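The values are calculated or read from the model by the stated rules, or taken from the named source; none is laboratory data. This is a predicted model, so every value here is computed, not measured. When we count neighbours, we look across all protein chains shown, and the Cβ atoms used for this are built from the backbone with ideal geometry, even at glycine.
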Amino acid sequence: MVFKVALGSLLISNANAAHWALLAAGSNTYNNYRHQADLCHAYHILVSKGFSKDRIITMAYDDIADNEDNPFPGQIFNTPSPTEPGVDVYNGCNLDYTGNDVTAENFQNLLLGNGTTGGNGRTLDTGPDDHLTVLYFDHGAPGLIQFPAGDALHAAELQVVLSAMHESNRYGKMVIYIEACNSGSMLEDLPTDINIYGVTAVPADYPSLGTYCGYAATINGTMIGSCLGDLFSVFYMKFITEGNGTHTLNQFFQSVYADVASYAALHYGHELNQQFGDLSIGDLTVADFFYGDSQADIKLAAPFSTPWVPPTEVFAAPRLAMDRQQFEYTEASAQPRFHGERHWRRMLRATDTLQSLLDQQKKTQALYWDLVMLAAPDSYDERHAIWSIASKPANPKCEMRVHRAMMNHCDGNLVGSSYALQFHQVVVNLCADNALHWAAHPQLGVAIAIQACNQQPGQGGIIV
């Protein structure tokens, strides 16, 4: 396995450190059920390990439990339970920032200790000796992680926040776990000397994997209709739940790495967890970051666990929305005349939704190809390179200005969906192309992006 980091100085845990946690799910809609399920499950695990609820802050859109597609109103499940009622992780999951308050700005301000907008006003009141655990679940792209409504945080912006936190003594030691596509790109430049250790689901150039999907996403005989979890997250939560806190973070990483890699290789291809930053923090224990800071609280904490169900299949995140709609259509259209009017309406809705999603993804493909055609209209070789290479996201001002221009001037679903975010690599490549001068003059890229949004999708040509 590859560790793209350098070791910092060996650190010793501070017995007087207060333990804090920030949990964020950056998605919405029922297609992304799994992210909020991951978050609520993680919340209960921390509390069951003696973590003070007063020191856990959560961010989740909160549109899953009472979603019209949810067959169990008011409940969310992270683990299948085919013949039993299952374990509801939504019950008792305290959410501090919900709906439109789940933003990249609030996420950054919580870390920095600045004022936030909306929510219940809770903040991370961390000090220079404290341990901070940050868990993020959502979609990503090269150099960014997503928040609802297309709001995004660039890797360079995150690095600025982390450095500012270190300079202002906002923590003693910090760990960051990111479940998202291309998540390695968020931490690959993490300094090794600011007492932060980071783990990502995948390297910079890979999608993450969802699991417990389709027929596997069943509770007490009823299919949920969306994936329940993410492969990396369900394995690391299993390790924390089943352990006693004495394993080191290095042992934690090695175990989860092996489990995730073996399942991914068996059912999909690759998912290789990565670690970054100060690896000496890996010599500290799981209890130093995932348990409470009081032995009395740990002993008194009520246990919380869900029966372990080994994943049987895994799926790349960019395809999950289409997989879900295809599955719903297939289920609804099987023996259509045998179930009466109610089933006919379900079938019609599933057909319309699938057609709409196909149309949306076709427009996404055309939009990004139009962007390439407008930027390089006279060179086949240049267009091929822009479309196919994987430049490092090293031009944050250009990349974010172009991305935000497309979010604002195009249909946001064509840019901000998990499917669309895989095409953000095209924006990264355009910004890295020295001949285009977008990095030095982002307004050039913004103008091309707006032009691509305004023209009829697909006019730029087709891939040959």
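Please give the helices (runs of 4 or more DSSP H) falling wholly within the stretch 315-412 in which 1 or more residues are at pLDDT 95 or above and closer than 13 Å to LEU430 by Cβ.
Qualifying helices (runs of 4 or more DSSP H): 340-375, 380-388, 396-409.
Inside the stretch 23-49, residues that are in a strand (DSSP E or B) and in contact with a His (Cβ under 9 Å, 6 or more places away or on another chain) make up a count of 1. Being in contact with a Leu (Cβ under 7 Å, 6 or more places away or on another chain), under 18 Å from GLY198 (Cα atoms) and of a type in the set (A, V, I, L, M) is a property that VAL256 lacks.
Looking only at the stretch 207-244, which residues are part of a loop (DSSP other than H, G, I, E, B) and among the β-branched types (Val, Ile, Thr)?
Of the residues in the stretch 207-244, the ones part of a loop (DSSP other than H, G, I, E, B) are 207-208, 212-213, 217, 220-221, 224-228, 243-244.
Listed by number, the list holds a single entry, ILE224.
Determine whether TYR263 is under 21 Å from HIS139 (Cα atoms), hydroxyl-bearing (Ser, Thr, Tyr) and modelled with pLDDT under 85. Considered against the rule, which asks whether it is under 21 Å from HIS139 (Cα atoms), hydroxyl-bearing (Ser, Thr, Tyr) and modelled with pLDDT under 85, TYR263 comes out as yes. The single condition among (1) part of a helix (DSSP H, G or I); (2) not assigned by TED's automatic domain parsing to the domain that holds CYS227 that THR312 does not satisfy is (1).
Within the stretch 144-185, being in contact with a Pro (Cβ under 7 Å, 6 or more places away or on another chain), assigned to a loop (DSSP other than H, G, I, E, B) and either surrounded by fewer than 19 Cβ atoms within 10 Å (Cβ to Cβ) or of a type in the set (Gly, Ala, Ser) (or both) holds for ASN169, GLY172.
Specify the residue that is surrounded by the fewest Cβ atoms within 10 Å (Cβ to Cβ); the eligible residues are those in the stretch 80-115 that are among the hydroxyl-bearing types (Ser, Thr, Tyr) and farther than 19 Å from TYR136 by Cα. Working first, answer last.
First, the residues of the stretch 80-115 that are among the hydroxyl-bearing types (Ser, Thr, Tyr): 81, 83, 90, 97-98, 103.
Those left that are additionally farther than 19 Å from TYR136 by Cα: 81, 83.
Working: SER81: 17, THR83: 9.
Checking each candidate, the answer is THR83.
Of the listed requirements (1) assigned to a helix (DSSP H, G or I); (2) out of contact with any Pro (no Cβ under 9 Å at 6 or more places or on another chain); (3) closer than 30 Å to VAL309 by Cβ, TYR197 misses just one: (1).
One residue stands out in the stretch 179-231 among those that are farther than 26 Å from SER280 by Cβ and acidic (Asp, Glu): the one that is modelled with the lowest pLDDT, namely ASP205. Can you find even one residue in the stretch 70-79 that is touching a helix residue (DSSP H, G or I) at 6+ places or on another chain (Cβ under 8 Å), surrounded by fewer than 21 Cβ atoms within 10 Å (Cβ to Cβ), modelled with pLDDT of 95 or more and more than 27 Å from PHE239 (Cβ to Cβ)? Within the stretch 70-79, one or more residues are touching a helix residue (DSSP H, G or I) at 6+ places or on another chain (Cβ under 8 Å), surrounded by fewer than 21 Cβ atoms within 10 Å (Cβ to Cβ), modelled with pLDDT of 95 or more and more than 27 Å from PHE239 (Cβ to Cβ). Could you list all residues from the stretch 43-69 that are charged (D, E, K, R) and either crowded, with 23+ Cβ neighbours inside 10 Å or under 20 Å from GLY113 (Cβ atoms) (or both)? Passing the criteria: LYS49, LYS53, ASP54, ARG55.
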